[in-house]
Amino acid sequence: MNDERASQLLSALGNPTRIRLYRLLVRAGPDGLTVGEVQRHLEVPASTLAHHFSALVSAGLVRQARHGREVLCTADFPAMDGLIAYLSDECCLGVGTLEEAAAAGDG
């Protein structure tokens, strides 16, 4: 994970409907939900939901698999875990001085 990839993932989540959608899939766990089930839970028009799914699938946060006439949607848990780890892996380590950051290539 790097800044560019983290930015892409966060950008895909940068909409209240997509946050609700993604959190719903996370709650559903690895079994996921069909598109119809998601639509019933979120009460979002099908065309709007398709737009939001497209953004999350393109970013790699959601996986979709066709099973007969249904499309099963699941959160991509490794992508979520990677983003959370990237955002928190340096938590509370301190920032040092500007000179130390420059020497380390961070500034």
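List of remarks:
- Segment 2-107: GluC sites (Glu not before Pro) falling in loop per DSSP and having at most 14 other Cβ within 10 Å: Glu43, Glu90
- Charged-residue dipole, Cβ positions (Lys, Arg, Asp, Glu), segment 1-66 about Cα centre, Debye nearest 20: 120 debye
- Normalising by residue count, the chain has a Cα convex hull of 112 Å³ per residue.
- Restricting segment 1-103 to trypsin sites (Lys or Arg not before Pro) that sit in a DSSP loop and have at most 14 other Cβ atoms within 10 Å of their own Cβ leaves Arg69.
- Rounded tilt (10° steps) of 3-12 against the dominant C-alpha axis of the chain: 30 degrees
- Structure-based [θ]222 nm, the chain - -39500 (n - 2.57) summed over DSSP H runs of at least 4, per residue, nearest 500: -18000 deg cm²/dmol
Each reported figure results from applying straightforward, stated rules to the coordinates on display, with no laboratory input. These numbers were taken from a predicted model, which means no experiment stands behind them. Quick reminder, even Gly has a Cβ in these numbers, built from the backbone with ideal geometry, and neighbours come from all protein chains shown.
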